[in-house]
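None of the figures in this text is laboratory data; all of them are computed from the coordinates on show. Bear in mind that the values here come from a model prediction, so they are computed numbers and not experimental data. Every residue, glycine as well, gets a Cβ built from its backbone with ideal geometry; the counts of neighbours run over all protein chains shown.
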Amino acid sequence: MVELLLHFAVPFASFTALRLDWRKVIFASLIALTPDLDILFHVHRSLSHSAVILAVIVLPVLAIAHRNKTITNLILLATIGVVTHLGLDIFDAYTPLFWPISNQSIQILTSLNFHMGSSSYFTYDLRLLTRQYELGTFQSIDAPVITTDGFAISLVLLLPCLLLLIRNRITAYKRK
């Protein structure tokens, strides 16, 4: 399970790097967490992790809101945040990305290894795995919200963003 902190940190860092308004950045980054709300129904990596279901929800909302540029932009940012979540999950475990069009869950495994010795070489592995999607419930879940690696990666992603936000706030305050 890719932890919640990374699901927040990746879109937050990306949107901050684009110099978007911090309120929009926080909104979209929080919305990126919503696919994991399926655990409240004792399932995980369920229909909430389907890009098809996301499109079925987002496209009509965009059609309704198309005249309001601010709302349309927020919807698009939130959608990108959720897509980021789905992308992270595909590299972590089987995810029903194309349900109900396909009943296959997919996972991508990657590795790049370096061997140093009498001869040096790289080996790599890139695999797309599939298996039948089955919606199953659980009685309990025991999964990390924060891991050591995830915390370190999130810190590297979030610290420059937060420093930039603080600097911008101080600069704006001094101008007043």
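A compact table of results
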item	result
Amide H within-cut-off set for Ile106, under 5 Å, with H built and near neighbours excluded	Thr95, Leu97
Integer Hz, Karplus 6.51/-1.76/1.60 couplings in order for region 132-149, x for Gly and Pro	4, 7, 9, 6, x, 9, 10, 8, 8, 10, 10, 9, x, 8, 9, 10, 4, 5
Per-residue HN-Hα couplings for region 154-167 [Karplus 6.51, -1.76, 1.60; θ = phi - 60°; Hz; x = Gly/Pro]	4, 4, 4, 6, 7, 4, x, 5, 5, 5, 5, 4, 5, 4
For region 17-34, Karplus couplings with θ = phi - 60° (6.51, -1.76, 1.60), whole Hz, Gly/Pro x	4, 7, 6, 7, 4, 4, 5, 5, 4, 5, 4, 5, 5, 5, 4, 4, 7, 4
Ile108-Thr147 pseudo-label distance in nm [points 7 Å out on the Cα-to-Cβ vector]	1.8
Largest-first ellipsoid semi-axes for the chain, taking √(5λ) over the Cα gyration tensor eigenvalues, angstrom	30, 26, 16
Contour minus Cα-Cα distance for His115 and Ala63 (0.36 nm per residue)	13.4 nm
Computed Rg/Rh of region 130-176, alpha carbon atoms with Kirkwood Rh	1.36
